[in-house]
Every structure is written in structure tokens, then in C-alpha cells.
């Protein structure tokens with residue numbers, strides 16, 4: 001397994017410290033846990049934490065999966081999304097796999113987002129020239145009623161959202177992810193994968 005570079009390792013340490021210290025007055029935190037499955041078989045787990053303080057909202061998402069596909073594939077993923085007020089300001093993340101280490105940064109600068117997203121057979125450096133008020137992590141905490149677009153955090157892409165019968169369909173560069181809610185609370189999502197679609201289910 002390749003080693004994480006200094007930058008994502010530092011971010012992961014800061015997340016671990018942040019999540020283990022007692023909450024200070026004025027800080028509100030919400031945490032959710034999820035199972036990740038393929039064809040009903042568990043392949044890993046995911047957690048998401050939302051922290052609000054002084055008008056700043058930070059979402060931490062991390063997951064770890066391992067599955068067999070002509071050999072064992074392992075993936076450790078984390079992503080931080082930061083909002084000032086309602087606007088997305090910054091995204092930092094990385095995922096560490098046995099195919100390499102891939103990092104993403106998205107940062108608001110003056111009137112646009114600077115994007116540096118790298119993945120397996122994927123790279124995106126195209127800036128986004130408008131503010132956004134929703135990103136991938138928010139789906140796990142809020143039903144996107146009336147929301148028409150979202151930042152696909154690990155791709156740095158603006159993704160259209162549309163309501164389709166009983167779910168919200170998110171188009172990420174032509175690939176469809178589907179999010180389902182029960183009484184306004186996230187229940188599960190069916191996520192596209194070039195290997196096989198997987199399901200994120202609330203525990």
C-alpha cells in the first residue's frame with residue numbers, strides 16, 4: 001500500500017484531534033454512521049460529521065472499504081467541506097488505494113473556485129466561475145429540496161440535481177448517483193462505480 005503524502009496525512013491527523021476533543025460552548029456537532037454494501041454484502045463503513053460554530057460549517061466524511069475484484073482492492077477516503085454562511089468555501093480530501101494516492105482541493109478565490117482534482121484515470125483543473133451552496137457531504141444531513149446543483153467534492157465538478165420519483169438523481173459527468181430519503185432523513189444512496197454500483201445505507 002502506498003504511503004499518504006505529508007499534506008493529506010496532516011489533514012487526517014487534524015481531523016482525528018478535532019473529533020476527539022470535547023466540544024466548546026457554541027459548537028454544535030452531528031455525526032452519522034453508514035454501511036457500504038455491494039449486492040447486499042458489506043464491504044466497509046462510512047462516517048460523516050457536521051460541525052457548526054460562529055457561522056462556519058465543516059463537514060468531515062471518511063470511509064474505508066475492501067473488496068475482491070480479480071484481486072483485493074482497498075480504499076481509504078476522507079473529505080472536508082467548509083462553508084462560510086451558506087456558501088461553500090473550501091474542499092480538501094484524498095483517497096488512498098492500492099492503485100495510488102489521489103488528492104482534491106477546491107478553494108474559493110475572489111469570484112471563482114480554483115480546482116485541483118486528481119483521481120484514478122481522472123484529472124480536473126477547470127475553475128468554477130460561480131458560488132455554490134451545496135456539496136456531496138450535505139446529502140447525508142439534509143434532503144436537497146429545491147436544490148438544483150451540487151459540488152461533486154472529489155471531482156471538483158458542478159453536478160445537476162433532479163427529483164426523479166422517489167429519489168434525487170445527481171449527474172456527475174454523466175454518471176448517476178441516487179439519494180433516497182424517508183420523512184426528510186437520508187436513508188440510502190445508490191452510487192455509480194465503474195466496477196459495480198454500491199450502496200451507502202444509514203445505520
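Check 203, 176, 121 and return the single one that is under 29 Å from residue 99 (Cα atoms) and exposed (fewer than 13 other Cβ atoms within 10 Å of the Cβ). From the options 203, 176, 121, the qualifying one is 121. Annotation: of all residues in segment 27-72 being touching a strand residue (DSSP E or B) at 6+ places or on another chain (Cβ under 7 Å) and assigned to a loop (DSSP other than H, G, I, E, B), the one that is surrounded by the fewest Cβ atoms within 10 Å (Cβ to Cβ) is 55.
Yes/no matrix, rows are residues, columns are (1) farther than 22 Å from residue 186 by Cβ; (2) out of contact with any helix residue (DSSP H, G or I) (no Cβ under 9 Å at 6 or more places or on another chain):
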site: 44; (1), (2): no, yes
site: 51; (1), (2): no, no
site: 56; (1), (2): yes, yes
site: 64; (1), (2): no, yes
site: 70; (1), (2): yes, yes
site: 73; (1), (2): yes, yes
site: 78; (1), (2): no, no
site: 82; (1), (2): no, yes
site: 85; (1), (2): yes, yes
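Exactly one residue among 75, 19, 4 is farther than 22 Å from residue 155 by Cα and either modelled with pLDDT under 95 or part of a strand (DSSP E or B) (or both), and that residue is 19. Just one of the listed residues (186, 141) is surrounded by fewer than 18 Cβ atoms within 10 Å (Cβ to Cβ), within 19 Å of residue 58 (Cα to Cα) and touching a residue at least 24 places away in the same chain (Cβ under 8 Å), namely 141.
If you go through segment 175-185 one residue at a time, do you hit one that is under 21 Å from residue 31 (Cα atoms), in a loop (DSSP other than H, G, I, E, B) and out of contact with any strand residue (DSSP E or B) (no Cβ under 9 Å at 6 or more places or on another chain)? Yes, the conditions are met somewhere in segment 175-185.
The values are calculated or read from the model by the stated rules, or taken from the named source; none is laboratory data. Values in this document were obtained by computation on a predicted structure and should not be read as measured data. In this analysis, Cβ positions are derived from the backbone assuming ideal geometry, glycine residues included, and neighbour counts consider all displayed protein chains.
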